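Peer 1: I'd like to ask you about the structure that follows.
The values are calculated or read from the model by the stated rules, or taken from the named source; none is laboratory data. Nothing here was measured: the structure is a model prediction, and the numbers come from that model. Reconstructed Cβ throughout: ideal geometry from the backbone, glycine too, with neighbour counts over all protein chains shown. Ligands, DNA and RNA are excluded from the accessible area calculation, which covers all protein heavy atoms including side chains. Shrake-Rupley method; radii C 1.70, N 1.55, O 1.52, S 1.80 Å.
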Amino acid sequence: MSLPIVFLSAALVNNFVLSRFMGLCPFLGVSKNLKTALGMGAAVIFVMGTSSIITFIVNEHILLAYNLEYLYIIAFILIIASLVQLVEAIIKRISRTLYTALGVYLPLITTNCAVLGVAVINIREEEFSLLHAAVNGISAGAGFTLALLLFACIREEMVANAIPKAFRGLPITLIAAGLISMAFLGFGGIL
């Protein structure tokens, strides 16, 4: 499988948030503000990309080599949790405002099923090399960020508009998310 196809597939066609419906907690929780969404997106790109590389190497050279492949979920979660702790420490040091704005959603990257999902997909695809896994992880993070930024822009506009009382809050948020998801289904014909 060529790298451009892996990129398009992970970022647009099989977008983790809008097509696979993974990672919805931070998607709904952090998308109220464009700046916060961008910060979360950058953190997810880093964690997905780096964890894809590290989990692929650990799986190939440790788990499979010593017949410990049944421990892959535990090993992957430990790797992801370590990376999230690193990201959390960096964001806390660089931007206290962003750290406060992300709140509980930053450590929740550890339990974000999209991050674990991309790591599992990387080891399940038989034709994936380390480079394929890295591209898949980074592009899945880019697709997550794209969805987050689009949704943050829409939610910022919704605040400025008069929404009927029955639809305010979560109902209009879910309707908007559903409409964006339907739009992303149009990318299915690309590949």
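Peer 1: Highest mean first, what order results for 46-52, 157-163 on Cβ atoms within 10 Å?
Peer 2: 46-52, 157-163
Peer 1: Still on this structure, please answer the following. If I model a spin label as a point 7 Å beyond the Cα along the Cα-Cβ vector, how far apart are those points for residue 66 and residue 166 in nm?
Peer 2: The answer from the label model is 6.0 nm.
Peer 1: Moving on to the next point. Under a point spin-label approximation (7 Å from Cα along Cα-to-Cβ), what is the residue 100-residue 5 distance to one decimal in nm?
Peer 2: Rounded to a tenth, the inter-label distance reads 4.9 nm.
Peer 1: Taking the highest mean first, how do the peptides 21-32, 87-98 order by number of other beta carbon atoms within 10 angstrom per residue? Mind showing how you got there, number by number?
Peer 2: On the way: 21-32: 20.1, 87-98: 14.1.
Ranked from most to least packed, the peptides come out as 21-32, 87-98.
Peer 1: When only C-alpha pairs under 8 Å and at least 6 residues apart count, what is the relative contact order of the stretch 66-170, in percent?
Peer 2: 20 percent
Peer 1: Further question: Taking R0 as 25 Å, what's the FRET efficiency between residue 131 and residue 24 from their Cβ-Cβ distance, rounded to 0.05? List each step's numbers first, then the result.
Peer 2: On the way: r = 29 Å, r/R0 = 1.17.
After rounding to 0.05, the efficiency reads 0.30.
Peer 1: Once you have the Cα-Cα distance between residue 74 and residue 185, take 0.36 nm times their residue separation minus that, and quote the gain in nm to one decimal.
Peer 2: Between residue 74 and residue 185, full extension yields 36.7 nm more.
Peer 1: Also, I was wondering about something else. What's the local net charge at residue 153, with K and R +1, D and E -1, over the other residues with C-beta under 12 Å away? List each step's numbers first, then the result.
Peer 2: On the way: positive: 32, 35, 155; negative: 156, 157.
Local charge sum for residue 153: +1.
Peer 1: Sort the stretch 49-161 into rounded, prolate or oblate with this rule: let a ≥ b ≥ c be the square roots of the eigenvalues of the Cα gyration tensor; rounded if a/c is under 1.5, and if a/c is not under 1.5, prolate when a/b is larger than b/c, oblate otherwise.
Peer 2: Here the stretch 49-161 falls in the prolate category.
Peer 1: Same structure again: Please report the net charge: other residues with Cβ closer than 12 Å to the Cβ of residue 98, K and R +1, D and E -1.
Peer 2: +3
Peer 1: If you add up the charges near residue 173, with Lys and Arg at +1 and Asp and Glu at -1, over every other residue whose beta carbon is less than 14 angstrom from its beta carbon, what do you get? Spell out each step's value before the answer.
Peer 2: Numbers: positive: 32, 155, 168; negative: 156, 157.
For residues surrounding residue 173, the net value is +1.
Peer 1: Scaled to the compact-protein estimate 2.2 N^0.38 Å, what is the alpha-carbon radius of gyration of the stretch 23-71, rounded to two decimal places? Working shown, then result.
Peer 2: Values: Rg = 15.7 Å, N = 49, 2.2 N^0.38 = 9.7 Å.
With N residues counted in the stretch 23-71, Rg over 2.2 N^0.38 Å equals 1.63.
Peer 1: I would also like to ask the following. Provide the three semi-axes, in whole Å and in decreasing order, of the ellipsoid equivalent to the chain as defined by the square roots of 5 times the Cα gyration tensor eigenvalues.
Peer 2: 30, 20, 13
Peer 1: Also, I was wondering about something else. Ignoring ligands, DNA and RNA, what percent of the 1.4 Å accessible area of the chain is carbon and sulfur?
Peer 2: Carbon and sulfur: 69 percent of the exposed surface of the chain.
Peer 1: Sticking with this structure for a sec: Mean residue ellipticity at 222 nm from the helices of the chain, using -39,500 (n - 2.57) per DSSP H segment of n ≥ 4 over the full residue count, to the nearest 500 deg cm²/dmol?
Peer 2: Computed ellipticity for the chain at 222 nm equals -22000 deg cm²/dmol.
Peer 1: Over the chain, give the accessible area per residue in Å² for a 1.4 Å probe, as an integer.
Peer 2: It amounts to 52 Å² per residue over the chain.
Peer 1: Now for a separate question. Taking 7 Å along the Cα-to-C-beta vector as the label spot, tell me the residue 120-residue 86 distance in nanometres, rounded to one decimal.
Peer 2: Going by the 7 Å Cα→Cβ label model, 2.4 nm.
Peer 1: When the gyration tensor of the stretch 60-120 is built from Cα positions, what are the square roots of 5 times its three eigenvalues, in whole Å, from largest to smallest?
Peer 2: 29, 11, 7
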